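> Structure in structure tokens, see below.
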Amino acid sequence: MEHHEDALRAYVRRVKADPDTIAVIVVGSVALGTERPDSDVDVYLVVPDDVFGSAIAADRVIFIERSDADYPGGYVDVKLATVAFLRAAAERGDDPVRASFEGARVAWARDGYDIAELVAAIPVLPATVWEGRAASFISQVRLHGTDFLREAVALDNTFLLHHAAVHTVGAGGRALLALNRKLFRGPKYLDATLATLDRLPDGYGDLARRLITRPSRESADAYVQALEAFHRWPVDRTASDSIFIRDNELAWLTGTLPPELS
């Protein structure tokens, strides 16, 4: 909307005068064209490494600026980044940071910086990565949804029961996102993102809600069986056991994040 673009232009005019700024990248609803009249303007402000380091030390890597938005409730929501940050995000960023750059556009960049190419690369993952994710997440489903949940029932352990149910549904959702080549924006967006997928088991939402709200062997078995029948996943159960150990129990050794944190 025009008042968002006005706020963005005012913000860019102000910050580009500062020699410690490199670029302004518009993200979020304004970049995607899904903004509401009262939406804020989300940006990444790219700064030199030393400025970013000082901001980390001062706990000021995210803040809001109200002076550039003159519409009711308006403000610019600023996150700091560096060129190195953008490069690292394109190489090894987790899903939420990659997803935050979907539809992003460079509103301004200082001469000599090819920011647009870096930004465009961030939300893109190769096919081999998606396939590896599908294997990792279906392995999580199989362990949490069968072994751990059944153990919880046998032990009458309420915490373990709900822990297993939540992790089963979370991993199942991530497996389906990987199958559809869709980034995970974060837990609060998972249901809405899954609802947009072309490839989804029939009745998936009901199965997931039943497992979350009424965890039991029956609801877990129904959920897991629906996923198993829906797609020929790239790993069998025996391989899933080893993948689960690699991704979780050996994460400290390999220096990689467990799948749910990636």
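> From the set of residues in segment 176-202 that are modelled with pLDDT of 95 or more and touching a His at 6+ places or on another chain (Cβ under 9 Å), which is nearest to TRP130 (Cα to Cα)?
So the residue we want is LEU179.
> Counting only residues that are hydroxyl-bearing (Ser, Thr, Tyr), in a helix (DSSP H, G or I) and within 25 Å of MET1 (Cα to Cα), how many does segment 45-103 have?
Within segment 45-103, residues that are hydroxyl-bearing (Ser, Thr, Tyr), in a helix (DSSP H, G or I) and within 25 Å of MET1 (Cα to Cα) number 0.
> Further, regarding this structure: Test of understanding: among THR21, THR82, which residue is within 30 Å of PRO259 (Cα to Cα), modelled with pLDDT of 95 or more and among the polar types (S, T, N, Q)?
None of the others qualify; the one that does is THR82.
> Please state which one of GLY205, GLY173 is at pLDDT 95 or above and in contact with a helix residue (DSSP H, G or I) (Cβ under 7 Å, 6 or more places away or on another chain).
Going through GLY205, GLY173 in turn, just one is at pLDDT 95 or above and in contact with a helix residue (DSSP H, G or I) (Cβ under 7 Å, 6 or more places away or on another chain): GLY173.
> Related question: What tally of residues in segment 119-149 results from selecting those that are more than 18 Å from the chain's Cα centre (by Cα) and more than 30 Å from LEU211 (Cα to Cα)?
1
> From SER54, SER29, grab the single residue that is out of contact with any strand residue (DSSP E or B) (no Cβ under 6 Å at 6 or more places or on another chain), of a type in the set (S, T, N, Q) and under 23 Å from PRO123 (Cβ atoms).
Within the list SER54, SER29, the selection yields SER29.
> Next up: What are the residue pairs meeting all of these: first residue in segment 112-138, first residue over 16 Å from ARG98 (Cβ atoms) and in the same structural domain as GLU249 (by TED's automatic domain parsing), second residue surrounded by fewer than 20 Cβ atoms within 10 Å (Cβ to Cβ) and of a type in the set (Val, Ile, Thr), Cβ atoms under 6 Å, and 6 or more apart or on different chains?
Listed pairs, sorted by first residue: ALA135/VAL235.
> Might you let me know whether segment 154-163 holds any residue that is of a type outside the set (Asp, Glu), without any contact (Cβ under 8 Å) to a residue 40 or more places away in the chain and either in contact with an Asp or Glu (Cβ under 8 Å, 6 or more places away or on another chain) or at positive phi (or both)?
Yes: one or more hits.
> Going by the structure shown, is LEU125 closer than 30 Å to HIS231 by Cα and either at pLDDT below 95 or not in a helix (DSSP H, G or I) (or both)?
yes
> Going by the conditions given, is VAL169 aliphatic (A, V, I, L, M), outside the structural domain of ALA99 (by TED's automatic domain parsing) and in contact with a Gly (Cβ under 9 Å, 6 or more places away or on another chain)?
When the stated conditions are applied, VAL169 passes them.
The values are calculated or read from the model by the stated rules, or taken from the named source; none is laboratory data. Note that the structure is predicted; figures quoted are calculated from it, not measured. Here the Cβ is made from the backbone with ideal geometry for all residues, glycine too, and neighbour counts use every protein chain on show.
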